[in-house]
Amino acid sequence: MAGNVDGLPEKLRSLGLEAVREDSRLHIRGGRGFSLADLPRDILEELKSFEEIVVEAPEGYYFYFGRKDIEKLLEIREG
């Protein structure tokens with residue numbers, strides 16, 4: 001696990017996203033067209049520290065991701 005996960009919500013806010021840490025869960029409110037795949041590698045590495053990442057789309061849909069999903073995304077980006 002990498003980085004300072006306490007500062008992760010602030011990093012996401014600097015990218016224009018709303019983010020709230022809830023214990024082992026991170027809740028991200030993404031704008032239209034937001035994708036976890038668009039995040040920088042260092043932020044994705046920090047996301048692996050959370051048990052669950054919840055992405056809330058503007059339309060009110062919720063998407064749930066786990067550590068394994070983030071690891072797979074990083075693996076795909078490397079390949």
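The values are calculated or read from the model by the stated rules, or taken from the named source; none is laboratory data. Only a predicted model underlies this, so the values are computations on that prediction, with no experimental measurement involved. With ideal geometry, Cβ positions are generated from the backbone for all residues, glycine too; neighbour counts draw on all protein chains shown.
For the reader, a short list of remarks on this structure follows.
- Among the numbered conditions (1) modelled with pLDDT under 95; (2) within 15 Å of H27 (Cα to Cα), the only one that A37 does not meet is (2).
- Selection of segment 36-48 for residues being part of a loop (DSSP other than H, G, I, E, B) and closer than 12 Å to E71 by Cβ yields only K48.
- Taking the criterion of being of a type in the set (D, E), modelled with pLDDT of 90 or more and surrounded by fewer than 17 Cβ atoms within 10 Å (Cβ to Cβ), the residues of segment 46-60 that qualify are E51, E52, E56.
- Criterion: aliphatic (A, V, I, L, M), touching a helix residue (DSSP H, G or I) at 6+ places or on another chain (Cβ under 6 Å) and within 21 Å of G79 (Cα to Cα) - qualifying residue of L47, L36: L47
- If you go through segment 50-79 and keep only what is assigned to a loop (DSSP other than H, G, I, E, B) and either farther than 18 Å from K11 by Cα or touching a helix residue (DSSP H, G or I) at 6+ places or on another chain (Cβ under 6 Å) (or both), you end up with E51, A57, P58, E59, G60, Y61, G79.
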